[in-house]
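Report on the structure given below.
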């Protein structure tokens, strides 16, 4: 992945999410409110994260426990399937957190050792912030419900947060064309 694309993708994600919050539509508010416990979102996000993770496990090198890749693959596949039955609460949040953690590598790799391009730090900073949030929400996923409640408690707060996210998305969009 190029540095341009690695910056463009988070920019577009921030623009879409920020724009949805700025719109303030009842569909966005309802969808956001129901997201943490949504079975449909859990199936899509957690299944996607599981498939991506299992792909990574299956392609481990010998230096990274590659000689045990089949038992690891089977074990993690069983854990992923059992999560739908035994840990179904807030599984959408866990899936989103896992996808965020998995996507950080391909996003950060193009910026690695590119010291001649200081504007790359705008993208790197937001990716590290997303990583920190993903680790936290992966450990305590019910906090996303609390964050959404905080966001919707005061009228106009979600629009301010959405405007902030969309503004940073526009900044990243502009930065992506400077490489």
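Quick note: the coordinates plus some simple rules give every number you see, no bench work behind them. Since we're looking at a predicted model, the values are computed, not measured. Neighbour counts are summed over all protein chains in view; Cβ atoms, including those assigned to glycine, are modelled from backbone coordinates with ideal geometry.
For residue 135 and residue 167 in one chain, what is 0.36 nm times their gap in residues minus the Cα-Cα distance, to one decimal in nm?
On the way: separation 32, 0.36 × 32 = 11.52 nm, distance 2.46 nm.
Residue separation times 0.36 nm, minus the Cα-Cα distance, leaves 9.1 nm.
Sort 126, 117 so that the residue with the fewest other Cβ atoms within 10 Å of its own Cβ comes first and the one with the most comes last. Don't skip to the end; give the middle numbers.
Working: 126 21, 117 13.
Arranged by neighbour count, lowest to highest, 126, 117 become 117, 126.
List the relative contact order of the range 82-162 as a percent without decimals, with contacts defined as Cα pairs under 8 Å and 6+ residues apart. Working shown, then result.
Numbers: 36 pairs, mean separation 29.5, N = 81.
The value is 36 percent.
Rounded to the nearest 500 deg cm²/dmol, what is the calculated helix-only ellipticity per residue at 222 nm for the chain, with -39500 (n - 2.57) per DSSP H run of length n ≥ 4? Intermediate values should be presented prior to the final figure.
On the way: 8 runs with 138 residues, N = 179.
Per the formula, -26000 deg cm²/dmol.
Rounded to the nearest 0.05, what FRET efficiency do residue 51 and residue 108 give with R0 = 25 Å and r taken as the Cβ-Cβ distance? Could you check?
Details: r = 21 Å, r/R0 = 0.85.
Calculated value: 0.70.
Rounded, prolate or oblate: which fits the range 134-179, taking a ≥ b ≥ c as square roots of the Cα gyration tensor eigenvalues, rounded meaning a/c under 1.5, else prolate when a/b beats b/c?
Working: a/c = 7.29, a/b = 1.53, b/c = 4.76.
Judged from the Cα gyration tensor, the range 134-179 comes out oblate (a/c at least 1.5, b/c at or above a/b).
Which of 147, 123 comes first, and how do the rest follow, when ranked by fewest Cβ neighbours within 10 Å? It would help to have the intermediate numbers written out before the result.
Working: 147 14, 123 24.
Lowest count first: 147, 123.
Can you pull the Rg over Rh of the range 13-97, Cα-only, Kirkwood? Intermediate results must be reported in sequence, preceding the final value.
Values: Rg = 16.7 Å, Rh = 14.7 Å.
Looking at the range 13-97, the ratio lands at 1.14.
Which of these, 99, 14, 121, has the largest mean-square fluctuation under a Gaussian network model of the chain (Cα springs below 10 Å)?
Ranking 99, 14, 121 by mean-square fluctuation puts 121 first.
Taking a quarter of the surface of the Cα convex hull of the chain, what do you get in nm²?
On the way: hull surface 45.1 nm².
Average projection, Cα convex hull of the chain: 11.3 nm².
With the crude spin-label approximation of a point 7 Å out along Cα→Cβ, what separation in nm comes out for residue 79 versus residue 159?
The two pseudo-label positions are separated by 4.5 nm.
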